[in-house]
Amino acid sequence: MSKVDYHTKVTPPYHRPGLFVLGIGVEYPPYLIEPKDVATLARRFYPSSPALEKVLTINEYTGIDTRSAIGNIDHPIVNQKNAPSIAELCDLFLDHGVKLSVAACQKAIEQWGGDLSEITHIVSTTCTNSANPGFDHFVVKQLGLNTNIEKVLLHGIGCSGGIAALRTAANIALGSSFRRRPARILVLACEISSTLVRSELDSIHNNEEVRIGATLFGDCASAMMLGNEFSNRDGEENILELLGWDHRIIDDTEKDLGFDVDPLGWKVVLTHRVPKMAQAAVPAMFEDLVASIPELVDAGKLKGSDYDWALHPGGATIIQGVQSVMHLTEEHLRASYEVYMAHGNSSSATFFSVANRMLEGSTMEHIIGCAFGPGIAVEMMAFKRCQGQISSRPGTESPAETLVAEDVD
C-alpha cells in the first residue's frame, strides 16, 4: 500500500456528519436452492453442450452452499416450456418482492422503535424490477406510511445498490440537518433474482455462452433506518455511526459488469476481468476515505486490518481478492463469507444482510463497507459501532476454509 500523508489530505473544516443507523431488517424467502438443483433444472429443459457443461462445472465450485429463493426448482414460473417473460417476472416481483420488502422494513422499524409518522423519507433500490409506479410505492402503502413521505427509487446500480441507497439517504439527511429538522429515512433494497435462471440458461443454450449468473444469485429484501442528530423524542438507540463515504467509477469497464434488460427479464454481464479490477480499486479508495475522517487518522487506523469489513460478496474471487490486496484475514470478512455461503449473492439487498450479520460477534470498533456495481462503480463507507455494539468474536473455524473460488473465464 502506498504511503499517504493522511493529515494533509483532510479538507478543512471537517464536520462530523451526525448520522446513525437505528435499525436493520433482513428478510429471506423460505426456500433454499443447492448447486445440484440448478443442474437438475438445466437437464429438464436443455441438451448438453460445451457451454452448459462448463457452467454446471462452475456451479459446483462457487463456494455457495445454498441460495435463498421464493420457490424451489419445481416452481411453475421456471418450469414452463419457455422462459418467463419480463411481464410475468414483473407480476411476480410485485407480489413476492413487495411482501419481502414490507417484512424487512417492519423488522428495521421495530428495532428502531419509532413511530411510522416519524419516517420522513424512503430511499429504495432494485435492479430486478422496472415497474412504474415503482415497487416502493406499494411498500409505502402496505406499511401504512404517510402519503407525503418523500420517495427516491434508484435504478441501474446493481450490486452496489445497498450502499448507494444509504449514501443517497445520508446526503438527504444532511440536507435536513442543515435545515435543523429531524430526518428518519427508511432505506430499502429488494431483489428477486432466482426466477431469471431460465433466461440465463436460454442464453447459454442458444448462444453457446458461458454465463455464470445462473450460479450466483438469490432473493432477499433488506432495510436500514437512518437518522440524523435531530429528533423530536428521546429513547433512540444508535447501532452504527456513519462517518463518511466515497463513490468511484473505474474507467472503461461499462462492458465488464452490468445487468441488461431483455424480453425474458435481465441478463447478467460479468467478465473475467471484474475481480482483478475491483480489488485493484480498493486500496487507494480506502486510503482516501480514511484520510477524510480525522477521527480515524488520529486513532492511527490506517491499515485495512484495523477494520471489520462488510464487503458485498459478489463472488468468491472478489472476496478473496480484496482479502489479499488489503492484507485481511478471514475473520475480518467473516460476515461476508457467511452470508455468501448460506444465501448467495442477492445483489443490492446483500450489503444490509452482511452488516446485520457483522453485528453478531465482531470486535473491531470501526467497519468498512464496500460494494461493486455496474460501470464498474465502487461504493465505500466507514462506520463506527456505537456503545454496546462491540463484543468478542466466537472462536469458530474460518468460513473461508471451505470456500472455493468460482472460475469466471
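Remarks
- Cross-link table Lys276/Lys384; Lys303/Lys384; Lys36/Lys81, entries beyond 24 Å C-alpha to C-alpha: Lys276/Lys384
- Using Cβ point charges alone (K and R +1, D and E -1), the dipole size of segment 21-228 about the Cα centre works out to roughly 620 debye.
- Between Leu243 and Ala382, Phe383, Lys384, the built amide H atoms are under 5 Å apart, and every one of these is 5 or more places off in sequence or on another chain.
- Spatially, segment 113-135 and segment 303-369 are offset by 26 Å when compared through their Cα centroids.
- Taking Cβ atoms as reference points and 10 Å as the exclusive limit, the residues near Lys267 contribute a net charge of -4, counting Lys and Arg as +1 and Asp and Glu as -1.
- Among Asn79, Ala51, Thr62 the positive-end extreme of the charge dipole of segment 43-93 (Cβ point charges): Ala51
- Under 5 Å, built H, 5+ apart or other chain: amide partners of Leu302: none
- Linear extension gain, Glu110 paired with Lys303, 0.36 nm per residue minus alpha-carbon span: 65.9 nm
- Coil-residue trypsin sites (Lys or Arg not before Pro) of segment 283-389, DSSP, other Cβ within 10 Å capped at 15: Lys303
- Global geometry of segment 208-314, whether rounded, prolate or oblate, following the gyration tensor of its Cα atoms and the 1.5 cut on a/c: oblate
- Cα-based shape type of segment 45-96, given that a ≥ b ≥ c are square roots of the gyration tensor eigenvalues and the cut on a/c is 1.5: oblate
- Candidates per chymotrypsin sites (Phe, Trp or Tyr not before Pro) in segment 18-122, loop by DSSP, up to 13 other Cβ within 10 Å: none
- Gain on full extension, evaluated as 0.36 nm per residue between Asp288 and Asn207 minus their Cα-Cα distance, stands at 24.9 nm.
- Cα point-scatterer Debye curve for segment 21-228, base-10 log of I(q)/I(0) at q = 0.12 Å⁻¹: -0.65
- Residue (of Leu19, Phe351, Ala39) at the positive-pole extreme of the chain, dipole from beta-carbon charges: Leu19
- Evaluated with a Cβ-only charge set (Lys, Arg +1; Asp, Glu -1), the chain carries a dipole of roughly 680 debye about its Cα centre, given to the nearest 20.
- Overall, segment 241-402 carries a charge dipole of about 180 debye about its Cα centre when +1 sits on the Cβ of Lys and Arg and -1 on the Cβ of Asp and Glu, all other atoms neutral.
- Estimated purely from DSSP H runs of n ≥ 4, each contributing -39500 (n - 2.57), the mean residue ellipticity at 222 nm for the chain is -10000 deg cm²/dmol once divided by its residues.
- For segment 126-206, with +1 on Lys and Arg beta carbons and -1 on Asp and Glu, the positive-most of Ile192, Thr126, Leu166 along the dipole: Leu166
- Applying the Karplus relation 6.51 cos²θ - 1.76 cosθ + 1.60 with θ = phi - 60° to segment 16-27 yields 3J(HN,Hα) values of 4, x, x, 10, 9, 7, 10, x, 9, x, 10, 9 Hz, where x marks Gly and Pro.
- Amide hydrogen neighbours beyond the local backbone of Ser193, cut-off 5 Å, H modeled: Asp219, Cys220
- The phi-based Karplus calculation (6.51 cos²θ - 1.76 cosθ + 1.60; θ = phi - 60°) puts the 3J(HN,Hα) values of segment 258-269 at x, 7, 8, 5, 8, x, 9, x, 9, 10, 6, 10 Hz, whole numbers, x for Gly and Pro.
Values in this text are rule-based calculations from the coordinates and carry no lab data. Small disclaimer: the values here were computed from a predicted structure and weren't measured. FYI the Cβ positions are ideal-geometry reconstructions off the backbone, even for glycines, and counts take in every protein chain you see.
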